[in-house]
1. State the Kirkwood hydrodynamic radius of the stretch 31-115 in Å, one decimal place, computed from all pairs of distinct Cα atoms.
2. Can you tell me the order of 143-151, 93-101 when each peptide is scored by its average per-residue count of other Cβ atoms within 10 angstrom, highest first?
3. Hey, which of these cross-link pairs are over 31 Å Cα-Cα: K85/K133; K50/K85; K85/K164; K133/K179?
Amino acid sequence: MSNKIKISIISIIGVVLLVLGLIFISIPKTQLTLTIAPLKATIQVDSGGKTVVNNSSNFSITPGTHKITVSQDGFTQYETTISIKNGETQELLVALTPNTSAAQQLLNNPTAQAIVQRFGGKKLNAGVSELDKNYPILKDLPIEARLYRIYPCTSLKYPNDVTKIAVCVDSNIDTASLKPYIEQEITSRGYTVADYEIIYTSDVGG
């Protein structure tokens, strides 16, 4: 075999290896680690097909922003939006809400219960973060003074919405006469009174 032929073969092999390498690099190495309850469910990415998956399994996904839908018969489906980069691995933590006694039975095992508790804690933390964002005055409450106390309390406008709160004012004197001082107390800390639901009461300590 002549050197010219050998060089040609080596060149071809080199090109093939280069192409294979580029293909390998371009393949998204992006995946979700599934932590789900019930332990078997269906996952859908954007408007694509549905795939049956198991807890603790990995699910390949293309990089980018996606709407993820997790569902199972007898449960309320769950939707969330994620953003994931190429080469990244994210945990998808989901505990579906059962709508039937049969569905509840699928959660009656230690693994599923642990996931339910983790997911509940995550939602609670998210709710707290949302409150802190929407009600920045929370970081300064309660405010204790000689004649009054200002503290967060349940909203009267939205009593069933846990993402809504009010600012309560307790005093042992006529709260109407205290109103200018209360508003000054709030504005002096950089907050706008109109942004909050202010509730005046007459019982010290709430």
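Please treat every number below as a calculation from the coordinates, not as lab data. Predicted model, so just to flag it, every value in this text is computed and none were measured. Using ideal geometry, Cβ is built from the backbone for each residue, glycine included, and neighbour counts are taken over all protein chains shown.
1. Working: mean 1/r = 0.0764 Å⁻¹.
By the Kirkwood definition, the hydrodynamic radius is 13.1 Å.
2. Values: 143-151: 14.6, 93-101: 16.6.
In descending order of packing, they fall as 93-101, 143-151.
3. On the way: K85/K133 26 Å; K50/K85 22 Å; K85/K164 34 Å; K133/K179 26 Å.
Long pairs (Cα-Cα over 31 Å): K85/K164.
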